[in-house]
Structure formats: C-alpha cells, structure tokens
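Taken together, the values in this text are just the output of simple stated rules run on the coordinates, not laboratory data. Bear in mind the structure is a predicted one, so any value in this text is a computation, not a measurement. Cβ atoms come from the backbone with ideal geometry, glycine included; neighbour counts cover every protein chain shown.
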C-alpha cells in the first residue's frame, strides 16, 4: 500500500528535547564565591622567646677620649679648667637560644562556619550523585533514552562533591596550623650596653673652649698646656643677662659631651 500523504492539521510526532545543561564553570564559580564568603579569619601574633644558656657576663669597653670642663666667674673674666677624660661603658653579654613564637587563633566562629559550608558542599555533591543513581533516565515515547541529562547531573554532583572534599582538606590543614608554634633561631650572644661613664682623667694639654651666652653671642679662648683658659666677658654683660636666668653654655669645641651650664 502507498503511504498516505501528510494532511494539513494532522499530528506529527515530536522529537524529544535535549535537556538543557548548566554551565559547570558557572556552578564552580558560584561555589567558590560561597566558600570565600564563609572562610575563616585567622589572627596571627609573632613574638620572640629567649632561653639563657649562661649567667650574664659584664665587661668594660672603651668609648674614646673627651673633655670635661668647668668655669667660674671672676669679675670680668670667666676662669676655665679643662680636663682630658677617658670614657667607658659597661657591657652585659649572655649566650642564649632564640625562638620565634607564632600564635594563630581563629576569630569568632568563622572556622566553624567554614567547616559547615565545606560539609554542605560534600553532602550536596553526594546527594546529587545518589539521587541520579536511584532515579535513572526513563525512555521517551519512542523508546529512546537520553543520557545527556544524567551525564550532566553526575558531572555537577561530582564537581560539587570534589570541591567539598578539597575544601575539607584545606580546612583540615588550616585547623592544624592553629595554636602555638616555636621556630628555633639558633644560639646568639645577647648584648646590652650600659651608660657611658668616666673611667680616667688628667689635665688637658690644649683645645679651644667656647661660651655661649643666653642671647646667642659666643666667646672663645685657647686652652694652655696646664688645661686652663680665660674668657673676657663683655662690659655690658649684666645688662644683657637681666632678663634671663644668667646661665650660659660652656664647652670644648669638638666634644659635645663636654657641654655644661655655668652661672654668670
């Protein structure tokens, strides 16, 4: 028999629609954003710990030669005496082992939230895979079975579950990094310098002294072989000092440590 031509208005069998597959990269991006929103915030504090290996040892170190100066007014003169001084400092030494201590603490409940989100990812992936395994794709009216939707669902479930497992491992590593950890820095010699002191003195054999008045004017004189010097004061000195505390600065040029205050 000849096949009947298709008549207008008659029903034509429809081809089954292919299921719409979601973009896997988009799903992965959304999951990563969700995890970052709940990731733990960790505070880190670093400190130094020292374990002494011996009792402190003290030694004296030379700090060079300088001058000490003093002056006294004698009418219109300032008589100055200069001494050459040797300066020393007491240094405390001690050998010790050093350790760098790092303390990492999760702030608030952010770590618990992170673990919860990671577990949800893992359970969601396993649930998707399990549901698709329990509910396989059914044949359509023509008897054909579309595997596209099942494959896509398995891929999405596996992706979500794999991300969840990976994030659980990352959270476990982060969990193990919390707490107190010491890193050995090796043995070192600790040093503490004491104040500089005078450890010897004698008369100066030369130099130049300078007197700076309260109004900024200055006078200079040379030191003789016996360590003495004389400065001639201005005739109107008393008028220039009446509005001040009458104190001036006396020093030996080249040694700022020698500065001292004298009353005129």
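Volume of the convex hull of segment 165-207 (Cα atoms only), normalised per residue: 194 Å³. Any idea what the relative contact order of segment 157-227 is, in percent, if you count C-alpha pairs under 8 Å spaced at least 6 apart? Rounded, it is 22 percent for segment 157-227. Convex hull volume of the Cα atoms of segment 215-254, normalised per residue: 85 Å³. Peptides 55-63, 96-104 ordered by packing proxy, namely the average of other Cβ atoms within 10 Å per residue, highest first: 96-104, 55-63. According to the Cα-based calculation, Rg over Rh for segment 162-259 is 1.60, with Rh computed by the Kirkwood formula.
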